[in-house]
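Colleague: Below is one structure. I have some questions about it.
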Amino acid sequence: MKRCTLSLRLGAVALGLVCSAVQAESLTLTQTLAAAERYSAELSANRNEVQALDAMADSARQLPDPKLKFGIENVPVQGNNDRRLTREGMTMQRVGIMQQYISAEKRDRKADTLLAEAQSVSAKSAVVRATLQRDTAQAWLDLALSEKAVQTARKLLEETERQQGAQRASVGAGSATPDSVLALRIGLSAMRDKVTLAERDVQLAQTRLMQLTGQSVTDIAGELPRYQRLPADEKTLEQGIAQHPDVVAAASAANSAKARSAASAIAAIPDVEVEVWYGRRAEGYEDMAGVMFTVDLPLFQSHRQDKDHAADVSRTMQANDQLALAGREHMAQLHSLIAEYNAAQTLWMRQRDEVLPLVRQRATLLAAQYRSGQSALPELLDARRNVLDSELAANQAEKEMARTWAAIRWLIPQELM
């Protein structure tokens, strides 16, 4: 029994390890974007709403269901025949069918309105998709660059930690003062703080990816995109504003308002109801039949239907103004993002090409001087901390550039290969 229990426990542990290995994944950028779209409840809700509106549009083209009408008419309530069903000649059991006829034009206009609303919802789903792709790409790039920062910080920390043995030996030999060991430990503690903050950024990026994809993305796979330059030239990006999902959504809203206006323009066309009935009377009295027509009378069209149509026309004009406003706002947004990207790119290149080579060269020079006894340990530690700070500053500038690049790249949702 004990052996069986032990085997079961070992099997459970092994299964847990396998499951953890499966859940913890390294994904490429394309795989991560696809996982985010599959996981998004908002995208799924939009698709279901579009399907519902399409079904409603198909139903709107049909005539209403016929109605069955039945009952008893003309039952006496006074006199000798009070509440008797067979004494009065006018009393009869009546059954009939009623059908409402709505003009085909009105039904088509209503269906067109629902289809326009479906297109508007579909355009909003493109807004959601573009935002989702942008956020996912930014989180993926953050993870990639944060992992790079952790590796750099750990490498510099390890190089400094290797100095401890030599420093203690120097103190023992009398070539260095005892406080130099304390100075080294203080410097190492400060560098470990930098490593901890870099590791925190990795965990934050992993948490963000878990939120967006529902998967434990612990590492990135594949090549990084070429975020060191704009996705396209400025003129091409400006031309793409017309396909921006917010602009497309505003255009769909304008089309929906136009469709409602077209439907209200013919609201005064009267609907017709037709009722065919058969009445069965008591024995000795003839059965009866009849047909009835009910027609709408829009006698006050100027106070009702015309007012509704005028309101819809005003809403159409409002939607057109909002479309123009959306185009202007997103053109300004594009120019702002390009300005932010250019600034981030300049800062990153200056940090990479000017600052980092200088601080590295200074650290190398001070290390050589320290070995030859021409400089003190605090100066060397300060130089190495400067190298670490500059490396992390360059990494942060690179992150800002990559985030802004992703914001420009996914202004418009992209089809995944």
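Colleague: Rank the residues 405, 348, 140 as a footprinting-exposure proxy: fewest other Cβ atoms within 10 Å of their Cβ go first.
Modeller: Fewest to most other Cβ atoms nearby, the residues stand as 348, 405, 140.
Colleague: List the GluC sites (Glu not before Pro) within region 265-320 that DSSP assigns to loop and that have no more than 15 neighbouring Cβ atoms inside 10 Å.
Modeller: Answer by residue number: 283, 286.
Colleague: Provide the gained length on full extension for the span residue 228 to residue 320, in nm with one decimal, where the gain is 0.36 nm per separating residue minus the Cα-Cα distance.
Modeller: 29.3 nm
Colleague: Angle between the Cα long axis of helix 2-23 and the longest principal axis of the chain, 0 to 90 degrees, nearest 10?
Modeller: The angle comes out near 80 degrees.
Colleague: Moving to a separate point now. Would you order 191, 292 from fewest to most other beta-carbon atoms within 10 Å of each residue's own beta-carbon?
Modeller: By the 10 Å Cβ count, ascending, the order reads 292, 191.
Colleague: Rank by packing, highest mean first: peptides 256-267, 315-326, 208-219, with packing defined as the count of other Cβ atoms within 10 Å averaged across residues.
Modeller: Output ranking for 256-267, 315-326, 208-219: 256-267, 208-219, 315-326.
Colleague: Turning to a different aspect of this structure: Could you tell me the convex hull volume per residue, in Å³, taken over the Cα atoms of region 50-409?
Modeller: 250
Colleague: So how tilted is helix 377-409 from the main axis of the chain? Cα-based, degrees 0 to 90, rounded to 10.
Modeller: So the inclination is approximately 20 degrees.
Colleague: I want to make sure I understand the PRE zone here: with the label point 7 angstrom from the Cα of residue 99 toward its beta carbon, which residues in region 290-307 have backbone N atoms less than 12 Å away?
Modeller: No residues fall inside that zone.
Colleague: Once you put a point 7 Å from the Cα of residue 67 and another 7 Å from the Cα of residue 87, both along the Cβ direction, what distance in nm separates them?
Modeller: 3.3
Colleague: How big is the equivalent ellipsoid of region 315-375 along its three axes, where each semi-axis is √(5λ) from the Cα gyration tensor, reported in whole Å from largest to smallest?
Modeller: Ellipsoid semi-axes (Å, largest first): 56, 7, 4.
Colleague: Can you give the angle from 0 to 90° between the axis of helix 104-161 and the longest principal axis of the chain, with both taken from C-alpha atoms, to the nearest 10?
Modeller: The angle comes out at about 10 degrees.
Colleague: Just to be sure I understand the model, the point goes 7 Å from the Cα along the line to the Cβ. What's the resulting residue 335 to residue 372 distance in nm?
Modeller: Each label point is offset 7 Å from its Cα along the Cβ direction, giving 5.7 nm.
Colleague: If you don't mind, there's one more thing I want to ask. Calculated from DSSP H runs of 4 or more alone, at -39500 (n - 2.57) each and per residue, what is the 222 nm mean residue ellipticity of the chain, nearest 500?
Modeller: When only DSSP H runs of four or more count, the value is -24000 deg cm²/dmol.
Any read-out appearing in this document is the output of simple, stated calculations on the displayed coordinates, not a laboratory observation. The model shown is predicted, which means the values in this text are computed figures rather than measured ones. As a convention, Cβ positions derive from the backbone with ideal geometry for all residues, glycine included, and neighbour counts pool all protein chains shown.
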